[in-house]
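Nothing in this text is a laboratory measurement; each read-out follows from the coordinates by a stated rule. Keep in mind it's a predicted model, so treat the numbers as computed, not measured. All Cβ positions, even for glycine, are placed from backbone atoms using ideal geometry, and neighbour counts span all protein chains on display.
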Amino acid sequence: MCSASGQRREQKASAPSPRGPRICEAPMPERARSAGCAGTAIELFCLAITFGSRDPVSQDGKLEMHSAPMRLGFPVKVVARPDLKSNDTRRWVNGPHLRTSLAYLDAIFDYLAQHNIRMYRMSSDLAPYATHPDMPQFHGMVKESAKELRAIGTKAKRLDLRLSFHPSQFVVLNSPDPSLTSKSVWDLRSQAEMLDLMELGPETVIVIHVGGLYGDREASRVRWVRTWEKLPAPVRRRLVLEHDDLRFSASDTLWINGQTGVPLIFDHQHFWCLNPEGLDLRETLAEMLRTWPTGIRPKVHFSSPRTELREFKRRDRKTRKTTAVKVAPTWTGHADFCHPFEFITFMKTVEGLVFDVMLEAKAKDLALIRLRPDLVRYAPDVATRFGLVREQAPALEREKEEVLTETPEAVDSPTS
């Protein structure tokens with residue numbers, strides 16, 4: 001455990017959490033309806049999985065009896081279905097609107113139900129220009145869409161979908177520029193308002209990073225804490241904090257949690273890329289799980305690093321000659337798919353801890369559909385934790401083959 005953990009627990013014990021009592025007062029999500037299940041793999045899933053994500057979790061973050069299977073999810077883009085848009089991308093002159101984005105989202109929910117995917121990160125651009133300072137004509141679109149937001153929220157609960165937002169890197173709460181911080185708070189308030197109008201429970205969160213270093217790590221962490229203290233209540237109820245791979249480590253976010261009580265997201269790849277304190281992976285994850293309110297299942301991010309060698313053409317400005325340059329991968333880059341052996345090793349390392357997993361692979365839904373049969377094949381004990389059993393293997397393989405091919409002979413030529 002990191003050396004400051006005892007001090008953090010002592011701080012939390014002596015002062016009430018800024019988030020209030022660690023009690024889940026929201027109602028249990030509705031069970032997924034069998035009518036939403038169709039396709040080769042889905043019938044088996046509907047028989048094998050008991051839905052729900054509110055768990056009895058002990059104080060050490062361990063899974064207790066009768067807990068629902070853990071979820072796998074993916075963010076935003078549906079790669080297998082290019083026709084499914086994640087948000088209204090029209091420019092302002094064409095009158096884009098949240099209502100259009102919600103219609104797109106409704107179609108994505110149908111796709112998720114078809115493939116029994118029960119966790120999804122919505123586009124942070126769901127409400128286009130809703131917080132653009134120079135376009136007041138869009139500022140009221142969230143309230144204007146209250147009816148549609150309530151309807152899509154009802155559908156999410158019916159399908160037992162766990163949703164989230166993850167604003168872009170331009171939303172920062174520790175900027176030394178008050179105007180940038182104020183704009184970021186506005187963005188977060190707008191996203192929290194959408195989730196509230198969708199009438200979703202506290203497990204539906206907004207994930208954010210600490211922000212920039214601005215030449216002084218300590219001052220930047222303190223500024224984040226000071227901004228947290230002034231955040232609107234709807235934002236504080238849903239905000240969770242994630243460490244990153246270049247600036248703020250898991251130790252930094254644990255320190256911020258000790259000052260604020262904000263729940264923390266553990267990111268597997270980020271942890272390996274930036275861990276100057278040499279924290280133990282399992283102990284760090286367990287400590288982060290304890291930062292979540294009782295009864296709300298924590299989330300974890302997982303991705304594999306890129307490993308492929310890339311070759312670029314570079315032209316010398318003086319000689320005008322073109323040469324091929326071989327470029328090694330950077331370990332902060334995300335791979336298209338999640339390596340099953342890496343994922344299995346991680347899950348075995350943290351056996352007994354419970355959380356949902358957002359897969360941040362570039363292939364999005366394809367990575368998830370590929371990973372599930374791999375888990376059943378290579379690690380049935382890990383697969384069981386996600387509600388996957390051996391009897392589902394043939395259906396899972398058929399589902400994968402419907403969207404992916406692994407046989408080079410079946411492809412005329414590579415696309416890249």
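A Förster radius of 35 Å combined with the Cβ-Cβ distance from Val93 to Ala324 puts the calculated FRET efficiency at roughly 0.20. Pairs of lysine residues in the range 299-416 that meet both criteria, 8 or more places apart or on different chains and Cα atoms under 20 Å apart, total 7. Along the axis of the charge dipole computed for the range 237-332 (Cβ charges of +1 for Lys and Arg, -1 for Asp and Glu, origin at the Cα centre), the listed residues Thr322, Ala250, Val262 are led at the positive end by Thr322. First check a/c for the range 269-360, with a ≥ b ≥ c the square roots of the eigenvalues of its C-alpha gyration tensor; if it is under 1.5, answer rounded, and if not, answer prolate when a/b is larger than b/c or oblate otherwise. Prolate shape, in that a/c is at least 1.5 and a/b is the bigger ratio.
For Arg317 and Ala233, what is the calculated FRET efficiency with R₀ set at 56 Å and r taken between the beta-carbons, to the nearest 0.05?
Taking R0 as 56 Å, the efficiency between Arg317 and Ala233 is 0.50.
Within the straight-line cut-off of under 12 Å between alpha carbons, the aspartates and glutamates reachable from Lys155 are Glu30, Asp106, Asp110, Glu199, sequence neighbours fewer than 8 places apart in one chain being disregarded. Across all directions, the shadow cast by the convex hull of the range 319-416 built on its C-alpha atoms averages 9.4 square nanometres. Put a plus charge on the Cβ of each Lys and Arg, a minus charge on the Cβ of each Asp and Glu, and nothing anywhere else: the dipole of the range 105-223 about its Cα centre is then about 280 debye. Ranked by how many other Cβ atoms sit within 10 Å of their own Cβ, fewest first, the residues Phe74, Phe337 fall in the order Phe337, Phe74. Simple spin-label estimate for Asp134 and Glu351 gives 5.8 nm between the two label positions (7 Å along the Cα-to-Cβ direction from each Cα).
Pull out a ≥ b ≥ c, the square roots of the eigenvalues of the alpha-carbon gyration tensor of the range 131-223, then state rounded if a/c is under 1.5, prolate if not and a/b is larger than b/c, and oblate in the remaining case.
Oblate.
Just name one of Trp92, His115, Leu102: the one whose Cα is farthest towards the positive end of the charge dipole of the range 66-122 (beta-carbon charges, Lys/Arg +1, Asp/Glu -1). Projecting each Cα onto the dipole axis, the largest value belongs to Trp92. Taking label positions 7 Å along the Cα-Cβ direction at both Trp331 and Thr294, the computed distance is 3.9 nm, reported to one decimal. Model label sites at Thr384 and Asp106, defined 7 Å from Cα along the beta-carbon direction, differ in position by 4.2 nm. Around the Cα centre of the range 362-409, unit charges on the Cβ atoms of Lys, Arg, Asp and Glu (plus for the first two, minus for the last two) sum to a dipole of about 260 debye.
If you take the Cα atoms of the range 197-236, find Rg, then find the Kirkwood Rh from the mean of 1/r over all pairs, what is Rg/Rh?
A ratio of 1.10.
Consider a paramagnetic label point 7 Å from the Cα of Glu406 along Cα→Cβ; state which residues of the range 363-388 have an amide N under 19 Å from it. The answer is 363-384, 388, whose backbone nitrogens lie closer than 19 Å to the label point.
Specify whether the C-alpha gyration tensor of the range 142-295 places it in the rounded, prolate or oblate class, a ≥ b ≥ c being the square roots of the eigenvalues: rounded for a/c under 1.5, otherwise prolate if a/b is larger than b/c and oblate if not. Oblate. Shown here for the range 296-345: trypsin sites (Lys or Arg not before Pro) in loop regions (DSSP other than H, G, I, E, B) with at most 12 other Cβ atoms within 10 Å, namely Arg317, Lys318, Arg320, Lys321. Relative to the current alpha-carbon distance between Glu283 and Asp83, full extension at 0.36 nm per residue lengthens the span by 67.7 nm. Ranked by the mean number of other Cβ atoms within 10 Å of their residues, highest first, the peptides 211-220, 359-368 come out as 359-368, 211-220.
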